[in-house]
Amino acid sequence: MTILGNLYAISAPSGGGKTSLVQRLLTRVDSIQVSVSHTTRPKRSREVDGKDYYFIDEKQFLYMLAENTFIEHAKVFDHYYGTSKNWLEETLRQGIDVVLEIDWQGAAQIRKLIPKTVGIFILPPSRETLESRLRHRGQDSDAVIAGRLNKASEEISHFGEYDYLIVNDDFDRAVQDLTSIVLAERLKTEKQQIKQQDLLKEFIKTSV
């Protein structure tokens, strides 16, 4: 697959703030999209089907999985998540950057298939802050919150598998860090050589 756009796998423990950071990123950078994953988890009150996720039942998900629809999939908190392979490949071919908001398992799968995937891990500033954010959402029981905090330790232990680590303490600074990564990746010689090939040929030809 010829990749013109950059692919970003962004992970964080639940409550780490990755969704809010990514949404702000989209307002600051053009030619970038968030992949809309399929999931079997229940839709939350503010979520929109087809915008936040494609909400499907487990039977349909397993059928799509058997049909090799997903480039990556994972089971998190008893629910399945998967990324459409065809949509991802076509979007990258068009030179559009794609953000995958996925857990470490999905990120590992993506890196095996697309080694040049840029991995970014979002780290909360402390366990206390993470717990406060989870409780502030007001959508989980104490037992679920305890489970998410325990899961956070496992997820964070995989931070070394990522290219970048952002601490989401000051939100605006974290947004700037995320934006800087995306802009810097676009300026790498490998990408610029394709984008600026006519300009490069003009100068190289002139100098010969």
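The values are calculated or read from the model by the stated rules, or taken from the named source; none is laboratory data. Just so we're clear, the structure is a prediction, and the values are computed from it rather than from any experiment. Ideal geometry is used to build each Cβ from the backbone, glycine not excepted, and the neighbour counts take in all protein chains shown.
List of remarks:
- Of all residues in the stretch 137-166, those that are in contact (Cβ under 8 Å) with a residue 60 or more places away in the chain and acidic (Asp, Glu) have Cβ atoms under 9 Å from Cβ atoms of residues that are surrounded by 14 or more Cβ atoms within 10 Å (Cβ to Cβ) and not in a loop (DSSP other than H, G, I, E, B), 6 or more apart or on another chain, in Glu155/Ser11; Glu155/Trp104; Glu155/Phe121.
- Subset of the stretch 134-158 [acidic (Asp, Glu), more than 22 Å from the chain's Cα centre (by Cα) and over 19 Å from Ser45 (Cα atoms)]: Asp142
- Flag for Gly119 being touching a residue at least 60 places away in the same chain (Cβ under 8 Å) and either out of contact with any Lys or Arg (no Cβ under 6 Å at 6 or more places or on another chain) or small (Gly, Ala, Ser) (or both): yes
- Glu72 vs. criteria more than 17 Å from Thr19 (Cβ to Cβ), out of contact with any helix residue (DSSP H, G or I) (no Cβ under 6 Å at 6 or more places or on another chain) and not polar (S, T, N, Q): no
- Set Gly95, Gly147: member being surrounded by fewer than 18 Cβ atoms within 10 Å (Cβ to Cβ), under 20 Å from Tyr81 (Cβ atoms) and of a type in the set (Gly, Ala, Ser): Gly147
- Under the condition of being in contact with a Lys or Arg (Cβ under 6 Å, 6 or more places away or on another chain) and farther than 18 Å from Lys151 by Cβ, the residues counted in the stretch 71-112 number 1.
- Of the residues screened, Asp49 is one that is acidic (Asp, Glu), surrounded by fewer than 17 Cβ atoms within 10 Å (Cβ to Cβ) and modelled with pLDDT under 95.
- Test: Asp177 is surrounded by 12 or more Cβ atoms within 10 Å (Cβ to Cβ), assigned to a loop (DSSP other than H, G, I, E, B) and out of contact with any Cys (no Cβ under 7 Å at 6 or more places or on another chain): no
The rows are residues; the columns are (1) modelled with pLDDT of 95 or more; (2) touching a strand residue (DSSP E or B) at 6+ places or on another chain (Cβ under 8 Å); (3) on the phi > 0 side of the Ramachandran plot.
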| residue | (1), (2), (3) |
| --- | --- |
| Ile120 | yes, yes, no |
| Arg127 | no, no, no |
| Gly138 | no, no, yes |
| Glu154 | no, no, no |
| Glu185 | yes, yes, no |
| Thr206 | no, no, no |
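- Note on the stretch 1-19: residues that are within 12 Å of the chain's Cα centre (by Cα) and surrounded by fewer than 17 Cβ atoms within 10 Å (Cβ to Cβ) amount to 1.
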